[in-house]
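Here the structure is laid out as structure tokens; the discussion comes afterwards.
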Amino acid sequence: MKEWRKSGKFALISLMCAAALTGGCTSGSTPEETEDDTTNLTVVGFSEVGAESDWRVANTESMKATFTESNGYELLFDDAKQKQENQIAAIRNFILQEVNYIVVDPVVEDGWEGVLQEAKDADIPVIVVDRMVKTDEDLFTAWVGSDFYEEGQKATVWLENYLEEQGRVHERIDILHVQGTEGSSAQIGRTKSLLEAIEVHGSWRLIGSVQGEFTQAKTYEVVRDVLETGSIPDVIYCENDNSMLGALQALDEKNISHGVDGRVIVISFDASKPGLEECKAGRINLDVECNPDHGPRVEAIIRQIEAGETPEKYCYVEETCFEPQELTQEFIDSRGY
């Protein structure tokens, strides 16, 4: 890494008073100026997907709380507003500003080769967070995030066990699948798990896959449209908590019961505070954790690099699942997101 590359803010060199013997300043001399402390900051450029969900907001806040001046950093933050082209432009801007590190939470997995090669040529380490990129592994230094496929497996194994407990193993189960942003790692992994489980279980039937885009508003619209056809699923599989909130809104409008002892089994992902509140209330059946507190994890990677160490290429976060009977208000209030 280039030793001279700092924050881009260059302080004036202090002017020394030329006082003989006494070491004091002579009358009319320029006062001594202190060096700008920001020259010692490590500059991190972070391109975030957007602010489409509570999870995303929590992820952003984790980064901002970690990469502060008091911690020795200057954070250059960019909100991509769900557009990959905005992220590519931001990364190129970070390269021009000669930041020390680039952190990117990619909108989708494909299409990163060119700009990541530019970062590599500029000798700037790139840390990918949350979602993955499909590219040559030499083009990024490390990735940290969740195993979205495993999250989906947790959800489908839970559903299998839950139906068995209810004596519904051989009963036809109609599933409505609410997908997240198409092409994102979370959508790909959670979708893959569900489709594999449906293929294995002959009594499970996919009645539709709709695009919720990880937002409450969009999911409300698409689930409402499905319900208006008269089709009521046995299970709604929502790929994040904001989508789940939109699905509940549509179900409530139609007076269709859901959750514990309800007509519709609802599965969600994230385990954000709003999601856990709905789970504790029994309005959904399962919330699979996806932890957004990635700021400290990214900083740990940076500290390894600064120490001359080689971080692990892939760092997966350990996560769990939550059911209504396990949750207390005290536990929900104690969580940071």
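Points to keep in mind about this one:
- Across the accessible surface of the stretch 136-248, with the other protein chains kept in place and a 1.4 Å probe, carbon and sulfur atoms take up 45 percent.
- Distance between the stretch 76-128 and the stretch 246-273 - C-alpha centres, whole angstrom: 37 Å
- Counting every pair of alpha carbons in the stretch 266-337, the share spaced more than 20 Å apart comes to 41 percent.
- Per-residue Karplus couplings for the stretch 287-296, computed as 6.51 cos²θ - 1.76 cosθ + 1.60 with θ equal to phi - 60°, are listed in order as 10, 8, 5, 9, 7, x, 7, 8, x, x Hz, Gly and Pro entered as x.
- Amide H contacts under 5 Å for residue 76: 44, 45, 46, restricted to partners 5 or more places along the chain or on a different chain, H placed in the peptide plane at 1.01 Å from N.
- Top of 50, 230, 145 by mean-square fluctuation, Gaussian network on the chain, Cα under 10 Å: 230
- Per-q log10 I(q)/I(0), the stretch 49-162, q = 0.19, 0.20 Å⁻¹ (Debye; single scatterer per alpha-carbon; no solvent): -1.06, -1.15
- Here the Kirkwood formula, the inverse mean of 1/r across different C-alpha pairs, assigns the stretch 126-169 a hydrodynamic radius of 12.9 Å.
- Between residue 256 and residue 303, residue separation times 0.36 nm minus the direct Cα-Cα distance comes to 11.8 nm.
- Extension gain, residue 168 to residue 313: 0.36 nm times the residue separation minus the Cα-Cα distance gives 47.9 nm.
- Convex hull of the stretch 85-224 built on C-alpha atoms - directionally averaged projected area, nm²: 10.1 nm²
- Just the protein heavy atoms count here, and of the accessible area of the stretch 256-337 at 1.4 Å, carbon and sulfur take up 45 percent.
- Sorting 250-258, 172-180, 284-292 by average packing, meaning the other beta carbons within 10 Å per residue, from highest down gives 284-292, 172-180, 250-258.
- Per residue, the average separation of C-alpha pairs within less than 8 Å and at least 6 apart gives the chain a relative contact order of 15 percent.
- Positive minus negative residues near residue 137 (Lys, Arg vs Asp, Glu; Cβ under 14 Å): -2
- Between helix 148-165 and the chain: long-axis angle, C-alpha atoms, 0 to 90°, nearest 10: 30 degrees
- Tail fraction, Cα-Cα pairs, the stretch 175-223, threshold 13 Å, whole percent: 57 percent
- With the convex hull drawn around the C-alpha atoms of the stretch 179-337, the volume per residue stands at 134 Å³.
- Listed peptides 259-270, 99-110 by packing density, highest first (mean Cβ within 10 Å): 99-110, 259-270
- Contour minus Cα-Cα distance for residue 39 and residue 281 (0.36 nm per residue): 82.0 nm
- Helix 54-66 and the long axis of the chain differ in direction by around 20°, with both axes built from C-alpha atoms.
- For the stretch 47-115, the convex hull drawn through the C-alpha positions has a volume of 80 cubic angstrom per residue.
- Rounded to whole numbers, the Karplus 3J(HN,Hα) couplings from phi for the stretch 111-124 are x, 10, 4, x, 6, 6, 5, 4, 5, 5, 4, 7, 6, 10 Hz, using 6.51 cos²θ - 1.76 cosθ + 1.60 with θ = phi - 60°, and x at Gly and Pro.
- Convex hull volume per residue, computed on the Cα atoms of the stretch 193-250, equals 76 Å³.
- Computed E for residue 232/residue 320 - FRET, C-beta separation, R0 22 angstrom, nearest 0.05: 0.15
- Rg and Dmax over the alpha-carbon atoms of the stretch 242-285 stand at 9.4, 26 Å.
- Cross-link partners of residue 254 among aspartates and glutamates, defined as those whose alpha carbon lies under 14 angstrom from its own and excluding same-chain residues fewer than eight positions apart: 221, 225, 228.
- Based on alpha carbons, the Rg and Dmax found for the chain are 24.9, 97 Å.
- Whole-Hz Karplus values for the stretch 67-82 come out as 9, 10, 4, 5, 8, x, 10, 10, 9, 9, 9, 10, 9, 7, 6, 6 Hz, taken residue by residue from phi with 6.51 cos²θ - 1.76 cosθ + 1.60 and θ = phi - 60°; glycine and proline positions read x.
- Shown here is the pair-distance distribution of the stretch 90-129: with all Cα-Cα distances grouped in 5 Å bins from zero up to the longest one, the shares run 6, 24, 41, 21, 8, 0 percent.
- Taking only the alpha carbons of the stretch 149-213, we obtain Rg and Dmax values of 12.0, 36 Å in that order.
- Remark: the chain carries 47 Å² of accessible area per residue (probe radius 1.4 Å; ligands, DNA and RNA excluded).
- Burial ranking of peptide ranges 58-67, 316-325 (average Cβ count within 10 Å, highest at the top): 58-67, 316-325
The values are calculated or read from the model by the stated rules, or taken from the named source; none is laboratory data. Since the model is a prediction, treat every value here as computed from it, not as a measurement. Using ideal geometry, Cβ is built from the backbone for each residue, glycine included, and neighbour counts are taken over all protein chains shown. Calculation scope for accessible area: heavy atoms of the full protein, side chains included, ligands and nucleic acids excluded. Shrake-Rupley method; radii C 1.70, N 1.55, O 1.52, S 1.80 Å.
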